[in-house]
Amino acid sequence: MVDQISALSQALEPLARQAKAASSGGLASAITTMDSRPLVASLWTGLKESSAFSPLMEVLIQFAPGVEPTVVTCTGVRRRCGHEDWAQWLVSRALQVDSLTAATELRRYAFEQDTCAKRVGLLPRLWIDCKSFTFSNDTEIVRVEEITDPRVRSLVPSGVCPWPEVRVIMLSDTASNDAPPGPASSFSDLALCLSLCLPPCFGVSLFAEAIVIPDHVPSEGFGQNWHFREFRHPQLQPAITSLQLEHAKHYHDAFSKLSDIQKDRFRVPLERLNAFGMQGSGVDALVELRIAMEATFFDEKAHSLSFQTALRAAKFLEQANDNREAVFEAFKRVYDQTSTAVHTGRAPKKKFNWQEVERIAGHVGRALKMRLESPETNWREIELQR
């Protein structure tokens, strides 16, 4: 193995020197600044015509016998490629480090299954009272100052306009069976479960997700794949405690056991209740709560929604008749207030009690937690309870 690395390093060195000389300093600086991926096309075309190119390709073909060349894609998985792609990466990498290090890194990559790619999620205006916390799917929520990978650390915005300040991130190793960054990714679901452990007036915003590929791994593009979301500016909240994180872990474990159809059904009220917590006390918050109420207590089309929502909430959440009556009346009042917001685009002016709205949001969150424990709810049976 040492001999193969040494042979590749020796074959690579002439091309690396030519690349550095041909770039006249400015181009080499641009290449290394852009993470050495990929080489500028005109430079690479010239290197391929060099007498040193064929010896490098001959060594590369024998470098990892039985191993098919691959590069890591922007989604964090390996894609088949040619030996020429490896050669291009080697020259680029040698400009950033040296030929021996580049050859050693390629050898390690060729015979290891781990791509070393990381999935990063940015959580603005969030704080935890511990250094980090790990969930059952090996996703870690960690304070920014505890990040050890400099490449990951460099991606976190510091709050300079127009980017929000981020003090906590989600971090995990990528998995080929995970959804790409987007609405149904594992980070999205985890953020929703995290919001369940907060008071209803707070929400969790997953501002952006990225797949980050380290410099020492052959990859396509520049080693980053970002997915940005509509940014809603949540209220600055007290630190999330370790106990709350344990609760979020429990909710996420329950969510992970659901079928795909059930997950899609639960995402609607979870997303809307989380959005309610980020909308302040405006009309948009009332609209979000209305959708969360109906999506929580209905799995089917229904009529008399105001009455049925209140009835199902009262009987599902409470056992004592007095408590049921209080919840029933509160749900009816708030449902009527959300109707004003939905149909007129304005918040109600008469008999409007925002504290009661937040209490109803809390009840909706409690119902979602209960339903996660037992997702198949027989609403007809509940309505007929005495």
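The values are calculated or read from the model by the stated rules, or taken from the named source; none is laboratory data. From a predicted model like this one, the values you see are computed outputs, not experimental measurements. All Cβ positions, even for glycine, are placed from backbone atoms using ideal geometry, and neighbour counts span all protein chains on display.
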Looking at the structure I just gave you, is Thr73 under 19 Å from Ile211 (Cβ atoms) and either touching a residue at least 24 places away in the same chain (Cβ under 8 Å) or hydroxyl-bearing (Ser, Thr, Tyr) (or both)? yes
How many residues does segment 332-369 contain that are closer than 30 Å to Ala248 by Cβ and in a loop (DSSP other than H, G, I, E, B)? 1
Which one is nearest to the chain's Cα centre (by Cα), of the residues in segment 83-125 that are at pLDDT below 90 and under 30 Å from Arg229 (Cα atoms)? Arg119
So if I check each of Ser24, Ser36, which one is assigned by TED's automatic domain parsing to the domain that holds Glu105, buried (at least 18 other Cβ atoms within 10 Å of the Cβ), modelled with pLDDT under 85 and assigned to a loop (DSSP other than H, G, I, E, B)? Ser36
Closer than 27 Å to Cys193 by Cβ, in contact with an Asp or Glu (Cβ under 6 Å, 6 or more places away or on another chain) and aliphatic (A, V, I, L, M): is that true of Ala292 in this structure? no
Only residues that are at pLDDT 90 or above, in a loop (DSSP other than H, G, I, E, B) and in contact with a strand residue (DSSP E or B) (Cβ under 8 Å, 6 or more places away or on another chain): list them for segment 186-205, please. Cys197, Leu198, Val204
Restricting to segment 339-386, and then to whatever is at pLDDT 85 or above and of a type in the set (Lys, Arg), can you tell me which residue is nearest to the chain's Cα centre (by Cα)? Lys369
Could you list, in sequence order, the residues of segment 265-282 that are more than 9 Å from Ala295 (Cα to Cα) and either among the aromatic types (Phe, Trp, Tyr) or outside any helix (DSSP H, G or I) (or both)? Phe276, Gln279, Gly280, Ser281, Gly282
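For Arg143, indicate whether it is surrounded by fewer than 18 Cβ atoms within 10 Å (Cβ to Cβ) and modelled with pLDDT of 90 or more. Walk me through it before giving the result.
Values: surrounded by fewer than 18 Cβ atoms within 10 Å (Cβ to Cβ): yes; modelled with pLDDT of 90 or more: yes.
Yes, satisfied.
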Glu105 fails exactly one of the following numbered conditions: (1) under 27 Å from Ala208 (Cβ atoms); (2) not in a strand (DSSP E or B). What is the number of that condition? (1)
Is there a residue in segment 247-259 that is out of contact with any Ser or Thr (no Cβ under 7 Å at 6 or more places or on another chain) and more than 30 Å from Cys130 (Cβ to Cβ)? yes
Since Asp129 meets every condition but one in (1) at negative phi; (2) surrounded by 19 or more Cβ atoms within 10 Å (Cβ to Cβ); (3) not assigned by TED's automatic domain parsing to the domain that holds Ala16, which condition does it not meet? (2)
Quick one: in segment 311-325, which of the residues that are outside any loop (DSSP other than H, G, I, E, B) and without any contact (Cβ under 8 Å) to a residue 60 or more places away in the chain is surrounded by the most Cβ atoms within 10 Å (Cβ to Cβ)? Ala313
When segment 374-386 is examined, which residues are found to be within 20 Å of Arg272 (Cβ to Cβ) and assigned to a helix (DSSP H, G or I)? Trp379
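Sort out which residues of segment 63-82 are within 31 Å of the chain's Cα centre (by Cα) and either in a loop (DSSP other than H, G, I, E, B) or buried (at least 17 other Cβ atoms within 10 Å of the Cβ) (or both), and write them in order of number.
Glu68, Pro69, Thr70, Val71, Val72, Thr73, Cys74, Thr75, Gly76, Val77, Arg78, Cys81
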